[in-house]
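Below is one structure, written out as structure tokens, with a few remarks after it.
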DNA sequence: TCATAGATTATAATTATTCTAAACTGTTGA
DNA sequence: TCAACAGTTTAGAATAATTATAATCTATGA
């Protein structure tokens, strides 16, 4: 999904009916320069702010999951409080600011490529995620 | 915490009252060769199986959190379903088997050291976690 | 236009986790 | 040794994120 796309067509192409809600959520998520890191709640809030209308929470959940299944979104494991999603679906890693609870994408050159030397027999690697937890220098050491 | 330790003394040393429940949970967690990866539910089940008695779930939560705060346990972010904990508190990484929902420790030589080249101004790095998701070769590509 | 499969919705249900307040227990010091 | 108190445990209630349900609605293809 790229900026200023014909979301209706894109949705149809990938087998999702382009409903009003889905198209609008696409606009909120993908009409932007930088990648967007969000929780369901963030998104629901953004929808009601930006569009001045409120979709059912269930719709937000359904849509985000549909988008994730179609590969428009990536889910990022941070903790068990809530799920975080990322509009950047390329293979990349994250900083997580434990003070602000914000996610920041790593650039390609922030980190060497992760090289896994061991294979688990009969298993293939689905993903490799690095999470770098950071916090203010002058506070909780964890 | 090491195998066959005097848990009562160890608990006291770190400022935790060695109650019956805490000592028994120590035994379940730390009297073993290999590291133990578990969810709260796993642990609660193991307690009732191994010890043939049932501690209040709240106690299991309290104890696990106390142990985590004292550095006996590490929490591992996998998904938002539940929290996973690890008795191996050294800096290390994980494979996560998406078929069996099992965690497997990476050995030091499974992975190169992660070298982070970028700093976030004013922030210090608390931890660097790598999670390698694996799954059976002949099924869901995610 | 119509039938229908697929979506949306409000709400209920579920699940993991945290809170609460009462009862209980380790520890300290007289 | 024992009273007193702070720290723990406990059952159950409360909370929060998420999923399920079932009725209504809508995009789509005939």
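Read-outs throughout are calculated quantities, based only on the coordinates presented, and are distinct from any laboratory measurement. Since the model is a prediction, treat every value here as computed from it, not as a measurement. Neighbour counts are summed over all protein chains in view; Cβ atoms, including those assigned to glycine, are modelled from backbone coordinates with ideal geometry.
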Practice prompt. Compute the normalised compactness of chain B: alpha-carbon radius of gyration over 2.2 N^0.38 Å, N being the residue count.
Written response: 1.18
Worksheet item: Considering every residue in B:106-113, what mean count of other chain Cβ atoms within 10 Å of its Cβ is obtained?
Response: 3
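Based on alpha-carbon atoms only, what is the radius of gyration of the protein assembly as shown relative to the globular estimate 2.2 N^0.38 Å?
Values: Rg = 21.5 Å, N = 284, 2.2 N^0.38 = 18.8 Å.
Working it through for the protein assembly as shown, the quotient is 1.14.
Hey, what number do you get for the protein assembly as shown at 222 nm if only DSSP H runs of n ≥ 4 count, each worth -39500 (n - 2.57), divided across all residues, to the nearest 500? Intermediate results must be reported in sequence, preceding the final value.
Working: 8 runs with 84 residues, N = 284.
For the protein assembly as shown, the value works out to -9000 deg cm²/dmol.
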Practice prompt. For the stretch A:7-76, restrict the atom set to alpha-carbon positions and state the Rg and Dmax in Å.
Written response: 11.2, 29
Worksheet item: Using a label point 7 angstrom from Cα along Cα-to-C-beta, what distances in nm, from shortest up, separate residue A:48 from the other copies?
Response: 3.9
